[in-house]
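The values are calculated or read from the model by the stated rules, or taken from the named source; none is laboratory data. Since the structure is predicted, the reported quantities are computational estimates derived from the model, not experimental observations. Using ideal geometry, Cβ is built from the backbone for each residue, glycine included, and neighbour counts are taken over all protein chains shown.
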Amino acid sequence: MPLRLDIKRKLTARSDRVKSVDLHPTEPWMLASLYNGSVCVWNHETQTLVKTFEVCDLPVRAAKFVARKNWVVTGADDMQIRVFNYNTLERVHMFEAHSDYIRCIAVHPTQPFILTSSDDMLIKLWDWDKKWSCSQVFEGHTHYVMQIVINPKDNNQFASASLDRTIKVWQLGSSSPNFTLEGLSFFQLGREEPAMSMDANGKIIWAKHSEIQQANLKAMGDAEIKDGERLPLAVKDMGSCEIYPQTIQHNPNGRFVVVCGDGEYIIYTAMALRNKSFGSAQEFAWAHDSSEYAIRESNSVVKIFKNFKEKKSFKPDFGAESIYGGFLLGVRSVNGLAFYDWDNTELIRRIEIQPKHIFWSDSGELVCIATEESFFILKYLSEKVLAAQETHEGVTEDGIEDAFEVLGEIQEIVKTGLWVGDCFIYTSSVNRLNYYVGGEIVTIAHLDRTMYLLGYIPKDNRLYLGDKELNIVSYSLLVSVLEYQTAVMRRDFSMADKVLPTIPKEQRTRVAHFLEKQGFKQQALTVSTDPEHRFELALQLGELETAYLLAVEAESEQKWKQLAELAISKCQFALAQECLHHAQDYGGLLLLATASGNASMVNKLAEGAERDGKNNVAFMSYFLQGKLDACLELLIRTGRLPEAAFLARTYLPSQVSRVVKLWRESLSKVNQKAAESLADPTEYENLFPGLKEAFVAEEWVKETHASLWPAKQYPLVTPNEERNVMEEAKGFQPSRSTAQQELDGKPASPNLVITASHSANKEEKSLLELEVDLDNLELDDIDTTDINLDEEILDD
């Protein structure tokens with residue numbers, strides 16, 4: 001819809017189907033009649049339902065306010081007109097108005113009249129001052145009368161619209177219509193695309209009706225041009241054309257321009273519009289050679305001219321529905337597209353495709369074939385064509401098999417297009433201005449209406465377009481960027497390096513993305529100015545040093561993590577450790593420390609993680625080192641008393657009593673009964689079988705694991721899951737067991753009491769001898785001068 005309306009206020013409500021709406025002239029009310037027989041009054045400012053009228057059980061197709069009477073008038077499928085007072089909600093009047101569904105109601109602005117129309121093909125005038133009597137009936141329509149509207153400039157005149165495809169204009173007081181408007185059939189002459197063309201120097205020629213006009217972009221001088229804004233061009237009249245122009249097209253060098261229309265063509269000089277040649281033709285196409293062109297004389301004959309003289313005439317095998325100019329002569333037929341040599345009309349290649357447009361690059365190496373649904377980019381292999389023409393190898397009835405190489409297919413509809421180097425610039429069906437290069441599509445601008453490409457001026461770095469109203473706009477497109485991308489596509493990196501310094505820094509990142517998509521990531525890293533993009537490229541290339549410097553500048557936790565992953569994959573563990581420290585990734589540091597067997601790193605990590613509140617990592621670090629006391633204290637400090645109790649029961653039974661007391665105190669604040677249900681193993685030893693043995697096992701583990709074993713002993717060590725610590729600890733008798741101290745109510749000594757003789761002969765005595773010595777040992781016989789013993793133990 002061309003007219004754009006601003007939405008002032010939106011009202012959304014769930015209801016049955018709405019058949020009509022009306023606005024109150026003074027109140028913020030909206031009247032809506034529904035298919036279910038109800039009529040609602042909504043306040044569109046507060047978005048609330050004000051009133052509801054239950055009219056009938058059938059659809060109410062028309063409802064109107066009569067503000068000067070405080071009425072709502074409704075017309076329904078029961079053929080009844082009902083009048084309600086919208087203040088009191090009472091029904092004022094009801095009468096049968098028609099013999100079929102009532103479609104529309106119109107209220108006279110000054111007189112006490114309403115007009116109603118119906119499926120009975122009648123229009124009736126009602127006067128409420130005369131007790132709603134029918135003052136007049138208007139007959140004339142031959143189908144349902146869907147709508148009636150009173151003329152705002154002449155209140156005695158109204159119009160009616162009917163499904164009989166007519167609009168009738170009536171006069172109050174007259175039974176016959178003033179006149180009848182019947183449906184019109186429209187057809188379009190010419191094309192939607194304007195007859196307009198621009199040469200390489202910026203001279204634009206267009207046709208306004210039969211008048212030819214010219215505008216020169218150079219005349220604007222140094223005026224500031226903004227993207228998408230209409231250019232203030234000075235227009236010059238060049239004269240009238242003898243035919244009605246449908247297309248205008250410059251030849252490649254811009255010296256001549258051809259005007260086509262009405263089955264004829266005229267070639268003029270571009271400067272003075274002098275007639276150079278003319279003739280009858282259904283279509284016209286310029287060759288790559290500016291002095292050569294072709295015409296489609298009929299659906300079976302194509303003629304080629306050179307220097308305005310007929311050179312050849314031929315009949316394509318499958319006819320000619322359309323012709324296309326360029327490096328080769330293209331002919332579309334029912335069988336597809338055929339390319340012919342301009343010199344000898346020899347078939348080069350036949351392709352099963354129905355093109356809409358064909359665009360050749362200036363070099364003749366690339367061609368775009370646009371269809372109704374997509375476009376194809378092909379490379380013309382001229383060397384293989386010449387070789388095949390000489391040797392006749394690879395030549396079939398469809399031409400030379402290796403004449404073209406398909407580079408890509410893009411699912412977009414091309415409206416207009418042109419080539420700049422190896423970049424194809426085009427406008428799409430969704431009003432986007434894009435260019436295609438190397439498989440990548442770059443959007444230059446989103447157009448607000450349908451625009452048609454005219455050309456590109458490299459020295460201005462601007463692309464020019466026109467619309468059907470002959471307005472000219474332009475968009476910036478740097479030629480240096482296009483030249484660089486073209487050089488890259490041709491693998492001419494020396495040329496690309498020469499062009500690169502001319503590209504502004506703000507465009508470098510776009511070029512870098514292009515290089516990345518082409519697989520040249522190293523060059524992209526050099527060109528890009530965006531730190532984010534450079535970091536990603538450095539990671540992909542494995543450039544640790546570059547990535548490290550960028551991460552230092554960014555100070556991003558995510559970047560440090562990414563760099564750490566790369567460093568680990570390259571076995572740079574020192575760098576990985578630094579990166580993980582910067583990222584504060586304690587989980588990653590723990591993994592790295594355990595994987596590398598770095599005990600000191602695990603110990604430092606435990607302390608740092610606990611300090612920074614990373615309690616899970618700290619717990620795991622302590623646990624891996626066998627520092628069970630530290631694990632227990634960490635759980636207690638963090639309020640994880642149930643977990644602490646279970647840890648103590650499993651690994652540190654000597655600490656169970658202390659932890660249970662803390663747990664009980666904490667739980668009593670929430671649930672006293674639950675707290676009292678907790679049993680202390682030292683008080684209820686009968687509930688915890690094997691507790692004494694667990695105390696002994698704890699002491700045995702502390703003694704036997706006091707020092708770490710060398711790594712070379714790993715193959716000889718029994719895995720923990722296969723061990724039974726309780727069995728291994730049998731026979732072990734500490735001098736003063738932790739179990740006894742717990743049962744006596746005394747705190748367990750942190751130091752294991754071992755006799756001097758036991759310590760001295762530990763390595764020499766067998767297990768049996770050790771057990772005998774321990775059984776015969778008396779505490780009173782021990783020389784304690786060199787041993788720091790607990791005073792409480794000595795007293796006992």
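Need at least 3 residues that are in contact with a Cys (Cβ under 6 Å, 6 or more places away or on another chain) per element, so show me which helices (runs of 4 or more DSSP H) inside the range 556-662 make the cut, counting only ones lying wholly within it.
On the way: elements: 557-569, 573-583, 586-596, 599-611, 615-624, 628-637, 641-651.
Of the helices (runs of 4 or more DSSP H) lying wholly inside the range 556-662, those with at least 3 residues that are in contact with a Cys (Cβ under 6 Å, 6 or more places away or on another chain) span 557-569, 615-624.
Among the residues of the range 46-92 satisfying the criterion of being closer than 22 Å to Ile123 by Cβ and of a type in the set (Asp, Glu), which is surrounded by the most Cβ atoms within 10 Å (Cβ to Cβ)?
Selected residue: Asp77.
Report whether or not Ser160 is of a type in the set (Ser, Thr, Tyr), more than 15 Å from Thr74 (Cα to Cα) and part of a strand (DSSP E or B). Write out each step before concluding.
Details: of a type in the set (Ser, Thr, Tyr): yes; more than 15 Å from Thr74 (Cα to Cα): yes; part of a strand (DSSP E or B): yes.
Taking the combined requirement at face value, the residue satisfies it.
Test of understanding: among Glu633, Glu557, Glu545, Glu610, which residue is of a type outside the set (A, V, I, L, M, F, W, C) and at pLDDT 85 or above? First the steps, then the outcome.
On the way: Glu557 fails: at pLDDT 85 or above; Glu545 fails: at pLDDT 85 or above; Glu610 fails: at pLDDT 85 or above.
That would be Glu633, the only listed residue that is of a type outside the set (A, V, I, L, M, F, W, C) and at pLDDT 85 or above.
Does Phe493 satisfy the condition of being buried (at least 19 other Cβ atoms within 10 Å of the Cβ), of a type in the set (A, V, I, L, M, F, W, C) and outside the structural domain of Phe424 (by TED's automatic domain parsing)? If you could, list the steps in order and put the result at the bottom.
Working: buried (at least 19 other Cβ atoms within 10 Å of the Cβ): no; of a type in the set (A, V, I, L, M, F, W, C): yes; outside the structural domain of Phe424 (by TED's automatic domain parsing): yes.
The answer is no for Phe493.
Which numbered condition trips up Ser300, out of (1) touching a Lys or Arg at 6+ places or on another chain (Cβ under 6 Å); (2) closer than 25 Å to Cys368 by Cβ?
All conditions are met except number (2).
Where residues in the range 388-421 are over 23 Å from Glu352 (Cβ atoms) and surrounded by 15 or more Cβ atoms within 10 Å (Cβ to Cβ), which of them is modelled with the lowest pLDDT?
It comes out as Gly421.
Is it the case that the range 211-228 has a residue that's at pLDDT 90 or above, in contact with a His (Cβ under 9 Å, 6 or more places away or on another chain) and either closer than 29 Å to Asp448 by Cβ or not basic (Lys, Arg) (or both)?
Among the residues of the range 211-228, not one is at pLDDT 90 or above, in contact with a His (Cβ under 9 Å, 6 or more places away or on another chain) and either closer than 29 Å to Asp448 by Cβ or not basic (Lys, Arg) (or both), which makes the answer no.
I'm trying to understand the selection: among the residues of the range 333-346, which are buried (at least 19 other Cβ atoms within 10 Å of the Cβ) and closer than 19 Å to Val406 by Cα?
Across the range 333-346, the qualifying residues are Leu337, Ala338, Phe339, Tyr340.
Inside the range 275-302, can you point out the residues that are among the basic types (Lys, Arg) and either under 49 Å from the mean Cα position of the chain (by Cα) or crowded, with 18+ Cβ neighbours inside 10 Å (or both)?
Within the range 275-302, the first condition is being among the basic types (Lys, Arg), and the residues that meet it are 276, 296.
Correct list: Arg296 only.
Residues to consider are Ala554, Ala576; find the one that is buried (at least 19 other Cβ atoms within 10 Å of the Cβ) and not basic (Lys, Arg). Steps first, please.
Values: Ala554 fails: buried (at least 19 other Cβ atoms within 10 Å of the Cβ).
It is Ala576.
Conditions: (1) over 55 Å from the mean Cα position of the chain (by Cα); (2) surrounded by 13 or more Cβ atoms within 10 Å (Cβ to Cβ). Glu665 meets all but one. Number of the miss?
For Glu665, the exception is condition (2).
Return a yes/no flag: does the range 572-582 have any residue that is in contact with a Ser or Thr (Cβ under 9 Å, 6 or more places away or on another chain) and closer than 29 Å to Glu440 by Cβ.
Looking through the range 572-582, none of the residues is in contact with a Ser or Thr (Cβ under 9 Å, 6 or more places away or on another chain) and closer than 29 Å to Glu440 by Cβ.
Matching residues to (1) of a type in the set (Phe, Trp, Tyr); (2) on the phi > 0 side of the Ramachandran plot; (3) in contact (Cβ under 8 Å) with a residue 60 or more places away in the chain; (4) out of contact with any Gly (no Cβ under 8 Å at 6 or more places or on another chain):
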site	(1), (2), (3), (4)
Asn151	no, no, no, yes
Asp154	no, no, no, yes
Phe158	yes, no, no, yes
Leu163	no, no, no, yes
Ser174	no, no, no, yes
Glu182	no, no, no, yes
His209	no, yes, no, yes
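Mind telling me which of the residues Leu89, Leu58 ends up being at positive phi and not in a strand (DSSP E or B)?
Numbers: Leu58 fails: at positive phi.
It is Leu89.
Going through the range 581-614 one residue at a time, which ones are farther than 22 Å from Lys627 by Cβ and in contact with a Phe, Trp or Tyr (Cβ under 8 Å, 6 or more places away or on another chain)?
Selection gives His582, Ala583, Asp585.
Considering only residues that are modelled with pLDDT of 90 or more and among the polar types (S, T, N, Q), which ones fall in the range 177-194?
Scanning the range 177-194 gives Asn178, Thr180.
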